[in-house]
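Shown next, in structure tokens, is the structure this report addresses.
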Amino acid sequence: MSKPVCAIFGVGPGNGMAFARKFTAAGYATALCARSTDAMAGAAADLDDARGFTCDVSDTASVTATITAITDQMGPIDTLIFNAGNARWGSVDDLAPEDLDIGFDVNAKGLMRCAQAALPSWRAAGSGTLLVVGAGAALRGRPGTLAFAASKAAQRSVAQSLARQLGPEGIHVAYLILDGVIDLERTRARMPDAPDTFYLTADGVADAALALARQDRQAWTFELDLRPFGESW
């Protein structure tokens, strides 16, 4: 029996690779997708039954071609994790209206592109899982996160619309709200005085994603908040 396929869009050293390791250990074949061909090839070489694919989620043709290639080379996608993200940073004093475009194109439209490309095989199977990596900014805007928060709020709305439409078709859509800073070398360097308890761990986020992918359809989660235990919220 062939392994189920987990396709991860937006693979980097934090959450993306944690998803890849966690789903590989759970018996999935993993497709690692990002804009860097060399980085994905190198990352896939370190995992069993993994392949790297170059994809730009802001390009509809690229997304369609990538999902077709994954299906042809590895089999139909069982779980798709949308971890891609981009946005300008700044307040209303720093940004022009056009600065919001890249965030919407990647975070909201990129999600829609991936969903549309994966839908035919999910509908044929009567099942499938789409996990979307969101942020606390989807629920609240702060001055320096104007563009990011707007695009993440739009992304959450896209995910909710997909969940409500596709759930009755047997397709599970879930949104993970990451309300914290991921523990990475670059974030540690930016906040050297922050204690260990300040950070979200990528492995902990991946644990939650795997649990969502395995949920009984009679008890599906749409939205799951994840934050460090000590954070005031």
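We did not get these values from a lab; they are worked out from the coordinates using the rules stated. Note that the structure is a prediction, hence the values are computed from the model and not measured. Glycine gets a Cβ as well: all are built from the backbone with ideal geometry, and neighbour counts include every protein chain shown.
Rg to Rh for the range 10-100: what is it, with Cα atoms only and Rh by Kirkwood? Each step should come with its number before you reach the end.
Working: Rg = 15.2 Å, Rh = 14.3 Å.
On the Cα set of the range 10-100, Rg over Rh gives 1.07.
Suppose every Lys and Arg Cβ carries +1 and every Asp and Glu Cβ carries -1, with no other charges. What dipole size does the chain come out with about its Cα centre, to the nearest 20 debye? Present the calculation step by step, with values, prior to reporting the outcome.
On the way: 20 positive and 26 negative charges, 94 e Å.
It comes to approximately 460 debye.
Please give the charge dipole size of the range 102-233, origin at the Cα centre, charges +1 on K and R Cβ atoms and -1 on D and E Cβ atoms. Round to the nearest 20 debye.
Values: 14 positive and 13 negative charges, 113 e Å.
Charge dipole, the range 102-233, about its Cα centre: 540 debye, nearest 20.
Measuring from centroid to centroid over Cα atoms, what is the spacing of the range 1-48 and the range 61-105 in Å?
17
Straight-line reach from Lys109: which aspartates and glutamates have a Cα under 17 Å away, not including same-chain ones fewer than 8 places off?
Asp56, Asp59, Glu98, Asp99, Asp101
Residues in the range 180-218 near a label at Glu231, defined as backbone nitrogen under 11 Å from the 7 Å Cα→Cβ point?
Under cut-off, by backbone N: 180-183, 198-201.
Expressed as a rounded percentage, what relative contact order does the range 5-226 have, with Cα pairs under 8 Å and six or more residues apart?
Relative contact order comes out at 19 percent.
Could you check which residue among Val181, Val92, Val133 shows the biggest mean-square fluctuation in a GNM of the chain with a 10 Å Cα cutoff?
Per the Cα network of the chain with a 10 Å cutoff, Val92 tops the list.
With every atom except the alpha carbons ignored, what do you get for Rg and Dmax of the range 105-163, in angstroms?
Computed over the Cα atoms of the range 105-163, radius of gyration and Dmax are 13.1, 45 Å.
May I ask for the angle, rounded to the nearest 10°, between helix 60-74 and the longest principal axis of the chain, with both axes built from Cα atoms and the value confined to 0 to 90°?
50
Would you compute, from DSSP H runs of 4+ residues alone, the mean residue ellipticity of the chain at 222 nm, taking -39500 (n - 2.57) per run and dividing by the full residue count, rounded to the nearest 500? Don't skip to the answer; put the middle values down first.
Details: 7 runs with 90 residues, N = 233.
So the helix-based figure for the chain works out to -12000 deg cm²/dmol.
Just order 6-13, 173-180, 208-215, 189-196 by mean Cβ neighbour count inside 10 Å, highest at the front, would you? Don't skip to the answer; put the middle values down first.
Working: 6-13: 24.2, 173-180: 22.4, 208-215: 17.8, 189-196: 9.1.
Peptide ranking by packing, descending: 6-13, 173-180, 208-215, 189-196.
How many percent of DSSP beta bridges within the range 5-226 run antiparallel, rounded to 5?
On the way: 0 of 34 bridges.
If we restrict to bridges inside the range 5-226, about 0 percent are antiparallel.
Which residue, chosen from Gly27, Gly10, Met40, occupies the Cα position most advanced towards the positive end of the dipole of the range 2-81, where the dipole is computed from +1 (Lys, Arg) and -1 (Asp, Glu) charges on Cβ about the Cα centre?
Of Gly27, Gly10, Met40, it is Gly27.
Which order do the peptides 154-161, 197-204 take when ranked by the mean count of other beta-carbon atoms within 10 Å per residue, highest first?
Working: 154-161: 19.6, 197-204: 16.5.
In descending order of packing, they fall as 154-161, 197-204.
With Kirkwood's inverse mean 1/r over C-alpha pairs for Rh, give me the Rg to Rh ratio of the range 144-233, two decimals please. Don't skip to the end; give the middle numbers.
On the way: Rg = 15.5 Å, Rh = 15.0 Å.
Here the Rg-to-Rh quotient is 1.04.
For the chain, which cysteines have no second Cys with its Cβ under 4.7 Å from theirs?
Cys6, Cys114
So how much slack lies between Asp48 and Trp89, counting 0.36 nm per residue of separation and subtracting their Cα-Cα distance, in nm? If you can, show how the numbers build up before the last one.
Details: separation 41, 0.36 × 41 = 14.76 nm, distance 3.73 nm.
Separation in residues times 0.36 nm, less the Cα-Cα distance, equals 11.0 nm.
Can you tell me how much longer the chain between Asp196 and Ala219 gets when fully stretched, taken as 0.36 nm per residue apart minus their C-alpha distance, in nm with one decimal? Don't skip to the end; give the middle numbers.
Details: separation 23, 0.36 × 23 = 8.28 nm, distance 3.33 nm.
Once the chain is fully extended between Asp196 and Ala219, it gains 4.9 nm.
At 0.36 nm per residue, minus the direct Cα-Cα distance, what do Asp99 and Ala211 gain on full extension? Give it in nm, one decimal, please.
The Asp99-Ala211 span can extend by a further 36.7 nm.
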